[in-house]
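Here the structure comes first, spelled out in structure tokens, and everything after it is commentary.
The values are calculated or read from the model by the stated rules, or taken from the named source; none is laboratory data. None of these values were measured; they are calculated from a predicted model. Here Cβ is always computed from backbone atoms with ideal geometry, including for glycine, and neighbour counts include all displayed protein chains.
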Amino acid sequence: MTPLTRHAIALGLLLATGATMPAWAQAADASSATEATLELTPSLGADTGFRHHRTAVGDVRLHYVRGGEGEPLILLHGWPTTWWEWHKIMPGLAETFDVIAVDTRGLGDSTRPESGYEKDVIGEDIVALARQLGLTRFSIAGHDLGGQVAFAIARNHPEMVQRLAILDVPLMGMPYSEALAPWHFAFNAVPDLPEALTQGRERIFLDIFWSGFTYNPRGFDEADIQEFLRSYTAVGAMHAGFNYYRAFDRDAAANRAWFEAGNKLDMPVLWLGGEGTAEADIAGAGLISTGNLLELQLENAATDLRGQSLAGCGHWLASECPERTEQLLNDFFSGN
């Protein structure tokens, strides 16, 4: 059975079962975590030095986990995960860097405003957080939608970004972005329908991504999945996640305007991808992985670009191939 067949069957089951109006319609921000709630979030262990924090920036309260010493390194997760997607590599990175893993707007234990899911806006959340922490320059790694946010930060605040890593995600509105159009980009962007179909069936739907987008279906273990479900079954969480996709047209317009104006990123940029990820159909090049598509998108948008696709790895690099991913990021952010 192909991945697309599995996806079609899963969606068919959702459609066949019917659904009531989702609870997100009642209170998009009802799941705002309290300080007590943070005690329930997973820990990397007291001996690692990582601690949970929350702070208000504009209309959102951001949850982040911080530990380590050295130059600041901000980690931005993708969808449908939280900061926890980095947990396997955070202790190793913290031996060299001041690691700050953030739950982005609407996701994880951050609060869920109804609006502001354009990647430029989410990027401003992160910049405001950095300034509150007294950071004038930092490096940043973003995976999946977090990579789109990291790119927006680098575009809009190049003076603040020392080094940039983008992991396994296409950049909307950049060259060749039309070559990769996974089914969920369109499905997630439909107003209201995804919430109605997935309410109470979050695991059925989200497991398509946690398992189906891996080279090794066991990239996430059951404890990881339960942690993600804790977040994505909270009131408003699925709605917030879908809003990231509903902003894609506006994200594309912002990226396209920047690129067509002849701008380039001058900081060192690293792209990483998994060889086992979605394939983009490029005229004259055939089918390529998401990482290689990212390389094509950035080759005329960055003055110092390097990267690679990891064999035996799918979309979830830090979970499926933690040792290699940690080493590549450590080397890059250390200036090697």
I'm checking my understanding of the structure. Among residues of the range 170-216 that are aromatic (Phe, Trp, Tyr) and out of contact with any helix residue (DSSP H, G or I) (no Cβ under 7 Å at 6 or more places or on another chain), which one is surrounded by the most Cβ atoms within 10 Å (Cβ to Cβ)? Phe213
Which of the residues belonging to the range 319-336 are crowded, with 19+ Cβ neighbours inside 10 Å and closer than 14 Å to Leu270 by Cβ? Thr325, Glu326, Leu328, Leu329, Phe332, Phe333
Given the residues Gly291, Gly314, which is the only one that is crowded, with 21+ Cβ neighbours inside 10 Å, on the phi < 0 side of the Ramachandran plot, assigned to a helix (DSSP H, G or I) and modelled with pLDDT under 95? Gly291
Of the conditions (1) out of contact with any strand residue (DSSP E or B) (no Cβ under 6 Å at 6 or more places or on another chain); (2) closer than 29 Å to Arg203 by Cβ; (3) among the β-branched types (Val, Ile, Thr); (4) modelled with pLDDT of 95 or more, Thr34 clears all except one; give me its number. (4)
Among the numbered criteria (1) aliphatic (A, V, I, L, M); (2) farther than 20 Å from Pro182 by Cβ; (3) touching a Pro at 6+ places or on another chain (Cβ under 6 Å), which single criterion is violated by Ala234? (3)
Could you count how many residues in the range 300-311 are within 21 Å of Leu145 (Cβ to Cβ) and either in a loop (DSSP other than H, G, I, E, B) or of a type outside the set (A, V, I, L, M, F, W, C) (or both)? 3
I'd like to verify a number: residues in the range 300-325 that are acidic (Asp, Glu) and under 18 Å from the mean Cα position of the chain (by Cα), how many? 1
Residues of the range 115-147 being hydroxyl-bearing (Ser, Thr, Tyr) and crowded, with 21+ Cβ neighbours inside 10 Å, in sequence order, are Tyr117, Ser139
If Ser177 passes every condition in (1) polar (S, T, N, Q); (2) over 27 Å from His63 (Cα atoms); (3) over 19 Å from the mean Cα position of the chain (by Cα) but one, which one does it miss? (3)
When the residues of the range 294-311 are narrowed to those that are touching an Asp or Glu at 6+ places or on another chain (Cβ under 7 Å) and polar (S, T, N, Q), which ends up surrounded by the most Cβ atoms within 10 Å (Cβ to Cβ)? Ser309
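Sort through Gly108, Gly68 and tell me the only one that's buried (at least 19 other Cβ atoms within 10 Å of the Cβ), over 30 Å from Ala257 (Cα atoms) and free of Cβ contacts under 8 Å to residues at least 40 places away in the same chain.
Gly68 is the lone residue from the list that is buried (at least 19 other Cβ atoms within 10 Å of the Cβ), over 30 Å from Ala257 (Cα atoms) and free of Cβ contacts under 8 Å to residues at least 40 places away in the same chain.
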The one condition in (1) in a loop (DSSP other than H, G, I, E, B); (2) crowded, with 20+ Cβ neighbours inside 10 Å; (3) of a type in the set (Gly, Ala, Ser); (4) modelled with pLDDT under 95 that Ala280 fails to fulfil: (1)
From the option list Gly273, Gly262, single residue qualifying as surrounded by 18 or more Cβ atoms within 10 Å (Cβ to Cβ) and either among the aliphatic types (A, V, I, L, M) or modelled with pLDDT of 95 or more (or both) is Gly273
